[in-house]
Each structure stands twice: as C-alpha cells, then as structure tokens.
Ligand SMILES: Cc1cc2nc3c(=O)[nH]c(=O)nc-3n(C[C@H](O)[C@H](O)[C@H](O)COP(=O)(O)OP(=O)(O)OC[C@H]3O[C@@H](n4cnc5c(N)ncnc54)[C@H](O)[C@@H]3O)c2cc1C
C-alpha cells in the first residue's frame, strides 16, 4: 500500500492520562489534534497509578505543590460533567482518602495535622465511625482527606471515546520517524501514514527519552524513580487510606479495586513500595504481610493472595534527583515535551501546553485526516492487579 498523507495542527505522541487529556483540551481550544500511541493506552504509569487526586495536603513533604490545591474540585467538575472533558462515564472509586495516625506518633506529627485541620484540608472521624480494619480501642486518629480516587481505565476509556477516531495506535514493529518539515513544522512518519503537523507534543512518559533523542532534543534530560507496589487479592472490604508514621511520607498508601466478584484487590504504595525496590518480590511480600497486619489489625487476610508490580515513575530530571514542583512543558522549535509528574496534574499540563501554542499564534484548525483509518484503534492497558499471573 502506498503511503497516505495526513495534515493536522498538533500530533501528540503518547496516550496516557497526559496525552488523552491534552487531546480534549486542544480540540476544545480550536486546534485540530490527534494522539499516536505505542502499545496500550496508559501502559506504563497511568494504569499502574493509585488514581488519587491529591489536593496538596500540607502534611506530606512531597505534596505541597500549589497547583494541586484546585485539582480535587477540577476533577470533580469533569467527573460530574460540569466542565470538560466530560468524564461522567467514569465513576470515582472513592470520594475521599482516609489518613490513619496510630497512637504512638509524637506531638510534631499531630501539630502538622492540627494545621491541616485548620486549613480544612482534613476532617477527623470519630472512632465509632472507623472501618473495621482499625482497632477502635487502640487510640490514634483517623482523618478524611479531600482526595477522590478515580478508576483509571474508565477515565482513559471516557477520554478516548470523546475523540475516538483521533486516538490511533502504532502497530507492533513501527519505526516512527520524526523530522523537521521545510514549512517549519514536523513530519511524523509511521511507515504507512505520513503526518505533516505544525507542532509535535511528546507525552509518552518513559518513552519520552527515546522520542526526544529521535527528535534531536537530547538536552531535555529525563529521570526514572522506581517503585515496587504490593497487590493483595481476596480482600473482603475496600479501603482508601494513607497509613502515617514518623516519616513525612506515608508508610503505606492503600487503594482498592473491585475484583469482578464480591471481593477487592488492595493496591499498596507509599514507603513500602519505595523501599521495596531494593527487595526481591518474596522478601517484599513477607515485609508487607507483617506491616499491613501491624497497621490494620482488624483486616481479614484469610483469603488473600499476594504479588508485586515493578514500575518506574518517568519525570523530567530535576536537581539532585528531585522531581519538579508541578507539571512541566518545555518547548524547542516545533516540539513540546510534557510531563504531568502526577496524574492529578494532567489538567495543569494541558493548560500549560495550550498556553504555549496560543502564544505561538499558529494557524488553527487545518486538517486532512481521512488516511488515519489506516492506523489501528488502541485498547486500554490492563491494570497491574488484572495482569498478575502468579499469586503467592
Ligand atoms: C505506582 C504509581 C502510583 C502513582 N499514583 C499516583 C496517584 O495516586 N496520583 C497521582 O496524581 N499520580 C500518581 N502517579 C503518577 C502518575 O501515574 C503519572 O504522573 C502519570 O500517570 C503520567 O502520565 P503520562 O500520560 O505522562 O505517562 P504514562 O501513563 O506513562 O503514558 C505514556 C503513554 O505513552 C505511550 N508510549 C510510550 N512510549 C511511546 C512511544 N515511543 N511512542 C508512542 N507512544 C508511546 C504508552 O503506551 C502510554 O500510553 C503514580 C505513579 C506510579 C508509577
């Protein structure tokens, strides 16, 4: 088959939360855009994330980003259809996270919480209203935190469905070629389709490293921060909880996902997952079993199966290995590279990229996309708990 030509304002490479949210924002802003994705949508970080829409609660040392504060309301507006993108088909898994402070924590930790309570970021729950995984007579404090938890595959599917024909896959073995066009834009060649675009946006997570190299922009340095999440199956109740210790990072952050029957998968991150990178899966599972039994003495693990999932957070390289404070979009010529750094910040990244393109005063709405039909429609990636082959 001869190569077919496509013309469009913006090509986005990478269809995780960042690329799919951006596609909707660009279309709404009057740009014509499309997403090209290698593999399944959200493969890598988005489907492996815990789906927590952080609001930057002052308690956490790594969550003090000012941009996070409006995010819970921003996402709720989309989930309820009051603001685009319309995410009504995707139900929230939980309206709030809980934060558990065991009794033995010192006054320093409690005073940080008192501050957060005053800022109305958290609200204490009386012991009579605690979930049964906690021992009510043990003392300690439980807070509700304004952080919804979203169902990532459902959110990705809702975003894809909003612009279905514009989300395309790159067949296995595609050798994507990126080159500058003589008219000042870029040419993206998939082998079967040659796309002439005014601007190219890279939102491919860990894939950005290679794409930046291919686009001749190795100066935008990337970093990866590995995690080894713990997955527990066979749990009888869902919990959405940060378990706090003396470290400013939660000892364990647990989200839950229905297993299609009567039970739930628990998906566990936090310090357990950060330290888990240095442990082999069997050792991490042994440590996680002891830690979760200690933190949640009322939890019923009698039917549980255990597994781990290794995944890298892909980010722009900050100084000293630190991640940047918020979503970051960098531009060089006709290429923009974007990292949300947190799923919750995908709307902020999209706003930043739309602003960069508007400042460009490029001509909007030029497109000829019939030949896109030659590229397949990608599917949503499986979340890690559905992909486990062997439970321990
Ligand atoms: C374990 C874990 C838990 C997390 N929990 C949270 C949380 O609770 N809340 C929060 O706000 N953030 C969380 N994060 C961070 C969040 O997941 C990421 O910031 C966000 O998902 C990044 O989205 P992305 O679209 O940039 O990248 P990705 O989700 O990695 O998507 C990249 C996309 O690009 C595609 N791709 C890759 N290479 C190429 C290529 N060469 N060509 C074309 N396409 C390509 C992939 O198939 C994929 O679809 C978590 C991250 C991890 C790892």
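Below 8 Å between Cα atoms, with a sequence gap of 6+, how large is the relative contact order for the chain in percent? Across the chain, relative contact order equals 26 percent. Taking 28, 172, 95 in turn, the Gaussian network model of the chain (Cα-Cα springs below 10 Å) assigns the largest fluctuation to 172.
Per residue and in cubic angstrom, what volume does the convex hull of the Cα atoms of the chain have? Show your work: numbers first, answer last.
Details: hull volume 57.9 nm³, N = 392.
Given the Cα convex hull of the chain, per-residue volume reads 148 Å³.
Distance from the Cα centroid of region 329-392 to that of region 1-29 is 7 Å (rounded to whole angstrom). Shape analysis of region 336-392 places it in the oblate category; the axes a ≥ b ≥ c from the Cα gyration tensor give an a/c of at least 1.5, with a/b not above b/c. What whole-number distance in Å separates the alpha-carbon centres of region 148-197 and region 244-289? So the two Cα centres are separated by 33 Å. From least to most packed, judged by other beta carbons within 10 angstrom and beginning with the fewest, 362, 241, 186 follow the order 362, 186, 241.
With the helix formula -39500 (n - 2.57) applied to DSSP H stretches of n ≥ 4, the chain reaches a computed 222 nm mean residue ellipticity of -6500 deg cm²/dmol. Against the chain, whose longest principal axis comes from its Cα atoms, helix 107-118 is set at around 60 degrees. Would you mind checking the tilt of helix 152-162 against the longest principal axis of the Cα atoms of the chain, expressed as 0 to 90 degrees and rounded to 10? The helix 152-162 is inclined about 30 degrees to the chain. Measure nothing fancy, just the Cα-based angle from helix 281-295's long axis to the longest principal axis of the chain, in degrees from 0 to 90, nearest 10. That helix lies at roughly 50 degrees to the long axis. Each of 222, 128 was scored by other Cβ atoms within 10 Å of its Cβ. Arranged with the fewest first, they read 128, 222.
Using Cα pairs under 8 angstrom and six or more residues apart, how large is the relative contact order of region 314-392, in percent? Working shown, then result.
Details: 49 pairs, mean separation 13.8, N = 79.
Once normalised by length, the contact order is 17 percent.
What residue among 23, 284, 34 shows peak mean-square fluctuation when the chain is described by a Gaussian network model with Cα springs under 10 Å? Looking only at 23, 284, 34, the largest GNM fluctuation is found for 284.
As a footprinting exposure proxy, order 164, 310, 257 by other Cβ within 10 Å, with the fewest listed first. Spell out each step's value before the answer.
Details: 164 9, 310 15, 257 24.
Lowest to highest Cβ neighbour count: 164, 310, 257.
For the chain, a Gaussian network of Cα nodes joined below 10 Å ranks 33, 288, 344 by mean-square fluctuation, and the top entry is 288.
Bear in mind that the values in this text are calculations on the coordinates, not laboratory data. The model shown is predicted, which means the values in this text are computed figures rather than measured ones. All Cβ positions, even for glycine, are placed from backbone atoms using ideal geometry, and neighbour counts span all protein chains on display.
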